[in-house]
Amino acid sequence: EIFQTPKNSPKDLIENIQLFRKEELQKLQTLIISNKNGKFQFDKNTALPASPWMLTSPTQKLANTKLIEKLINSLSNSKIKQRFSFDSKNAENYSLTTPLATLEFFNDLNTKTRLHIGLQNSIDKSLFVKIENHLEIYQVESFDVDLSQVILKDLIQNTVFTIDKTTLASLQLCNGIVTGK
């Protein structure tokens, strides 16, 4: 009995390796990114399948869906490398008392999760993050999107047409109004 390994469920094992589960992130409805460049809120709009994310604050525009999807994939694929206890010294050392960026998201049940993003390790490019209400600081694989540096220009849709060209049968332009089938 002493030398037996503890029996963990698959869910427990995933929670010990991954920062977030894909199932959790697929239910996102609202995403808020805060950094030195401002606070940017995105809301999911399933009525627009080609571009399901809308930037709703500080302005209302179609969001850069590729960037949002890249961020969500990074969050779901990011693995925990190491854990540190959360105390004032560690929080200060890893820049989590005044985080470089904050990511908040709400799921379909309006449950809020807040992620504080601290320093990036210059050797292996890992990040130090803290999930609010968790008692640990996590060193995780770096995200594909540098949330501390994003600006409004990066977050809005930069293509003129958001129509999926593979499903387009016809396109008509009349006085600046686009209609398609």
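Of note:
- Residue satisfying all of: in region 63-110; outside any strand (DSSP E or B) and β-branched (Val, Ile, Thr); most open to solvent (accessible area, probe 1.4 Å) among these: Thr98
- Test: residue in region 57-68 that is among the small types (Gly, Ala, Ser) and closer than 15 Å to Leu28 by Cβ: yes
- Failed condition for Val129, given (1) surrounded by 13 or more Cβ atoms within 10 Å (Cβ to Cβ); (2) more than 23 Å from Lys27 (Cβ to Cβ); (3) at pLDDT 90 or above; (4) under 21 Å from the mean Cα position of the chain (by Cα): (2)
- Every pair of residues 6+ apart whose Cβ atoms lie under 9 Å, when the first sits in region 26-41 and is free of Cβ contacts under 8 Å to residues at least 12 places away in the same chain while the second is open to solvent by less than 20 Å² (accessible area, probe 1.4 Å) and among the hydroxyl-bearing types (Ser, Thr, Tyr): Gln26/Ser76
- Against the test of being modelled with pLDDT of 90 or more and in contact with a Ser or Thr (Cβ under 7 Å, 6 or more places away or on another chain), the options Phe84, Phe106 yield a single qualifying residue, Phe106.
- Whenever a residue of region 108-120 is within 14 Å of Leu31 (Cβ to Cβ), its partners that are open to solvent by 90 Å² or more (accessible area, probe 1.4 Å), lying with C-beta atoms within less than 7 angstrom and at least six residues away or across chains, give the pairs Asp108/Lys27.
- Extreme residue, modelled with the highest pLDDT, among residues of region 90-103 that are under 16 Å from Asn133 (Cα atoms) and among the hydroxyl-bearing types (Ser, Thr, Tyr): Thr102
- When Lys36 is tested against (1) modelled with pLDDT of 90 or more; (2) of a type in the set (Lys, Arg); (3) out of contact with any Ser or Thr (no Cβ under 8 Å at 6 or more places or on another chain), only condition (3) is not met.
- Flag if Pro49 is open to solvent by 50 Å² or more (accessible area, probe 1.4 Å) and either at pLDDT 90 or above or of a type outside the set (Phe, Trp, Tyr) (or both): yes
- Every residue from region 118-146 that is in contact with a helix residue (DSSP H, G or I) (Cβ under 6 Å, 6 or more places away or on another chain) and among the acidic types (Asp, Glu): Asp144
- Region 35-45, residues that are surrounded by fewer than 19 Cβ atoms within 10 Å (Cβ to Cβ) and not in a loop (DSSP other than H, G, I, E, B): Gly38, Lys39, Gln41, Asp43, Lys44
The values are calculated or read from the model by the stated rules, or taken from the named source; none is laboratory data. Please read all numbers here as calculations on a predicted model, not as lab measurements. In this analysis, Cβ positions are derived from the backbone assuming ideal geometry, glycine residues included, and neighbour counts consider all displayed protein chains. Areas reflect the complete protein model, heavy atoms only, side chains present, ligands, DNA and RNA absent. Shrake-Rupley method; radii C 1.70, N 1.55, O 1.52, S 1.80 Å.
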